[in-house]
Amino acid sequence: MFPLLREGMLLLADRGFYGFELWQAARANGADLLWRVRTNAALPVLRVLSDGSYLSTVHAEPDRKSRRNPVTVRVVEYTLTTTGDQSVYRLVTTVLDPEAAPAAELAALYVQRWEIETTLDEIKTHQRGPKLVLRSKYPWGVEQEVYGLLLVHHAIRQLMHQAALSEGLDPDRLSFTRSLRVVRRQVPAQAALSPRHTRQRADPHPG
């Protein structure tokens, strides 16, 4: 993916991806980065900026103790409270100017990154179900089933979006699982067909 990055793009990544060499490779073509790092990562405070973020440096592993060949980064730290628990987030970015990207905006943007995780959970855990597996024995059939799951998810999300707009609500406030139950009540169980009934294709290698 890195060769496709270019100036004007912003690449977000979770804390499991950070490493100095990977960081340098990702920024090589001019794209900006916003990656989460561990809260215990050694990031000295060099200068506190107007929005509460601060400048720091990262180093390759051989240069870490001596602090040679530093690469300047900006650090954004914030705390989220969910169901009574507080989680501290630490982000590092190549966007060094707080006027160009205030800390609050970067933190809000990183929260949006988690929506892809929510989407995967909706499809794998709730829509598909924990005991349902892909049943086709052929690659084309598996591809068909995957597209089917994605299309159903898109249709449900589209209905949720329309319902939210009609009431002047943020679509994120609606429950996917409740919406899924409503849709399932409208679809008779007899509509569920095996993939072999939805597409007929000759086996190129019979026997």
Problem set entry | Antiparallel bridges, percent of DSSP beta bridges restricted to the range 2-112 (to nearest 5) | 85 percent
Seminar exercise, completed: Simple SL model, points at 7 angstrom along Cα→Cβ for L109 and L174; separation in nm is 2.8 nm
Problem set entry | Neighbour cut-off at most 14 other Cβ (10 Å), DSSP loop, GluC sites (Glu not before Pro), the range 27-119 | E99
Problem set entry | Candidates per trypsin sites (Lys or Arg not before Pro) in the range 1-91, loop by DSSP, up to 15 other Cβ within 10 Å | R6, R38, R64, K65, R67, R68
Exercise. Hey, if you put +1 on the Cβ of every Lys and Arg and -1 on every Asp and Glu Cβ in the chain, which of W35, P139, S66 ends up farthest toward the positive end of that dipole?
Worked result: P139
Exercise. Which length gain, in nm to one decimal place, applies between L80 and M1 when the Cα-Cα distance is subtracted from 0.36 nm times their residue separation?
Worked result: 25.4 nm
For this session: With springs connecting C-alpha atoms under 10 Å apart, model the chain as a Gaussian network and identify which of V146, V71, V48 has the largest mean-square fluctuation.
Result: V146
Seminar exercise, completed: Simple SL model, points at 7 angstrom along Cα→Cβ for L159 and V187; separation in nm is 0.8 nm
Exercise. Between V73 and residues 5 or more places away or on another chain, which pairs have amide H atoms under 5 Å apart, with H built 1.01 Å from N, and which residues are they?
Worked result: S56, T57, V58
Exercise. Roughly speaking, what is the stretch gain from E167 to R68, that is 0.36 nm per residue apart minus the C-alpha to C-alpha distance, in nm to one decimal?
Worked result: 29.9 nm
Problem set entry | Computed lengthening from E143 to L22, 0.36 nm per intervening residue step minus Cα-Cα distance | 40.4 nm
For this session: Let me know the charge dipole size of the range 1-106 about its Cα centre in debye, to the nearest 20, where only the beta-carbon of Lys, Arg (+1) and Asp, Glu (-1) is charged.
Result: 440 debye
For this session: Scan the range 114-147 for chymotrypsin sites (Phe, Trp or Tyr not before Pro) in coil per DSSP, keeping those whose Cβ has at most 11 other Cβ atoms within 10 Å, and list them by number.
Result: W114
Problem set entry | the range 89-110-the range 133-163 distance, computed between alpha-carbon centres (Å) | 35 Å
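Values quoted throughout were computed directly from the atomic coordinates according to the rules given, and no laboratory measurement underlies them. Keep in mind that this is a model prediction, so the values were computed, not measured. Ideal geometry is used to build each Cβ from the backbone, glycine not excepted, and the neighbour counts take in all protein chains shown.
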